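*Asks:* What follows is a single structure, and I will ask about it in a moment.
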Amino acid sequence: MTKWSKEKVWEWYNSQPWIRGVNYIPSCCVNSIEQWQEYNFENVLSVIDNELALAANVGFNSIRYGLSFFIWENQHDGFMERLERFLEVCAKHHITVMFVLGNDCTVPKHNYVPGHFGEQEWDLGYHSGKKISPHIVLDDEGYSPFDEEEYAARYCEMVREIVTKYQNDERIIMWDVFNEIGNSLRGVKSVPFMKRLFTVIREIDPLQPVGACAWRVDRHGHIESEEERIAVELSDIVLWHYYGDYKTTVKIIENLKKYECPLINTEWLHRIQHNNIEEIFPLFYLERIGSYSWGLVAGKTQTYEPWEHLWHAYDHDKSLNLDFTKWQHDLFRANHRPYNPKEIEIIKEFCQLADQKYKE
């Protein structure tokens, strides 16, 4: 099958409620291995159950969530069972899932550490829970196992199996084929693999749309790189990331409308850079743009901490308009109290308005 027609994608999008949710990782996990491995999974699933109840109470109806090739490869049958149990918990709370497949957020090969089972190491005080992460100032091109054919072929088998199994499952709202293509100084290097993943999914022809994001949209709303333009052209729906201010967000929305497709922002909320709930969430409601802010409950990933490279940028230029007194991401404290209660009131208000306005 080929890319969906504009008529088909708009028919699908207009049949959905206003899509709003978060990029989710359980607060007790620092990476996808810890989410999906057999070790301690019952506790992880219990945390997921409690935290998705919190998300549903706010008014969210979807999450964006990562898979783990390492667990699929090494604990295959158990992983597939745990995947189903996870989807059952999401459905219990009336929350759909956008699964993320490929990803270019990585580190140079000299910093790359293969996965392992059991307790996962994490560093206190660092965004993502890792001192050495894609959020530092990179000194070399990021390494990806996708560059090795044996790994890439097996990864495609994972995608083929999961998409085939869930191709008609309405608990999955969309397949996010590739996150931030070209990140970690990789440029166009991952484009052939991204295209390969699109081909695998198109051959299955799922009922869900597929897409890959633009993530370096400039202040005039233009997509900066060749790899991101390819990603958007391959996509049924325009997915995009933006962590900047309100005025630029408006410009980006206006420019992306030229694609004449629904828009979904799959990463936003960056209080330090003045990307705030009180401005951006009502804007997305007004424009009926799907949205997934980053982070739900503060936990091991510590995504309330700034990206490490922001500290470096400020060290070199004290005039930068950055507010380090605020959390970067996340909506709730570890005790499930809001980081800022007024933010939660705004989210609830506009979720309720959307349900009244867009109800069938």
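*Asks:* Could you run through region 192-217 and say how many residues are surrounded by fewer than 19 Cβ atoms within 10 Å (Cβ to Cβ) and closer than 26 Å to I253 by Cα?
*Replies:* 2
*Asks:* Here is a further query. Looking at T266, T199, T249, can you tell me which residue is without any contact (Cβ under 8 Å) to a residue 24 or more places away in the chain and either closer than 30 Å to N168 by Cβ or polar (S, T, N, Q) (or both)? Can you show your working first?
*Replies:* Details: T266 fails: without any contact (Cβ under 8 Å) to a residue 24 or more places away in the chain; T249 fails: without any contact (Cβ under 8 Å) to a residue 24 or more places away in the chain.
The match here is T199.
*Asks:* OK, next. Which of the residues belonging to region 308-333 are part of a loop (DSSP other than H, G, I, E, B) and under 23 Å from the mean Cα position of the chain (by Cα)?
*Replies:* Matches in region 308-333: K326, W327, Q328, H329, D330, L331, R333.
*Asks:* Taking into account only those residues within region 152-170 that are free of Cβ contacts under 8 Å to residues at least 40 places away in the same chain and under 14 Å from F193 (Cα atoms), which is farthest from the chain's Cα centre (by Cα)?
*Replies:* A153
*Asks:* Under the condition of being crowded, with 21+ Cβ neighbours inside 10 Å and under 17 Å from the mean Cα position of the chain (by Cα), which residue from region 245-269 is farthest from L322 (Cα to Cα)?
*Replies:* Only one residue fits best here, namely I264.
*Asks:* Cβ-Cβ under 8 Å, sequence separation 6+ or interchain: first residue in region 38-58 and farther than 24 Å from F70 by Cβ, partner of a type in the set (G, A, S) and at pLDDT 95 or above. Which pairs?
*Replies:* A55/G21
*Asks:* Taking region 189-248, which residues are β-branched (V, I, T) and out of contact with any Pro (no Cβ under 9 Å at 6 or more places or on another chain)?
*Replies:* Hits for region 189-248 are V191, T199, V200, I201, I204, V210, V217, I223, I230, V232, T248.
*Asks:* If we keep just the residues of region 289-298 that are of a type outside the set (S, T, N, Q) and either in contact with a Phe, Trp or Tyr (Cβ under 6 Å, 6 or more places away or on another chain) or modelled with pLDDT under 95 (or both), which is surrounded by the most Cβ atoms within 10 Å (Cβ to Cβ)? Before the answer, list the steps.
*Replies:* Of the residues in region 289-298, the ones of a type outside the set (S, T, N, Q) are 289-290, 292, 294-298.
Cutting the leftovers down to either in contact with a Phe, Trp or Tyr (Cβ under 6 Å, 6 or more places away or on another chain) or modelled with pLDDT under 95 (or both) gives us 296-298.
Values: L296: 26, V297: 23, A298: 21.
The extreme case among them is L296.
Residues checked against (1) among the aromatic types (F, W, Y); (2) buried (at least 17 other Cβ atoms within 10 Å of the Cβ):
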| site | (1), (2) |
| --- | --- |
| S5 | no, no |
| G21 | no, yes |
| C29 | no, yes |
| F41 | yes, yes |
| N57 | no, no |
| Q75 | no, yes |
| K92 | no, no |
| M98 | no, yes |
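*Asks:* Being outside any loop (DSSP other than H, G, I, E, B) and acidic (D, E) narrows it down to one of E305, E267, so name that one.
*Replies:* E267 is the lone residue from the list that is outside any loop (DSSP other than H, G, I, E, B) and acidic (D, E).
*Asks:* With the checklist (1) closer than 26 Å to Y358 by Cα; (2) in contact with a Cys (Cβ under 6 Å, 6 or more places away or on another chain); (3) not charged (D, E, K, R) in hand, flag the one item V47 doesn't pass.
*Replies:* All conditions are met except number (1).
*Asks:* Can you name every residue in region 74-83 that is over 16 Å from L52 (Cα atoms) and either in a helix (DSSP H, G or I) or touching a Cys at 6+ places or on another chain (Cβ under 6 Å) (or both)? Spell out how you get there, then give the answer.
*Replies:* To start, the set of residues in region 74-83 that are over 16 Å from L52 (Cα atoms) comprises 74-82.
Correct list: N74, H76, D77, G78, F79, M80, E81, R82.
The values are calculated or read from the model by the stated rules, or taken from the named source; none is laboratory data. Since this is a predicted model, take the numbers as computed values, not measurements. Cβ: placed from backbone, ideal geometry, glycine included. Neighbour counts: every protein chain shown.
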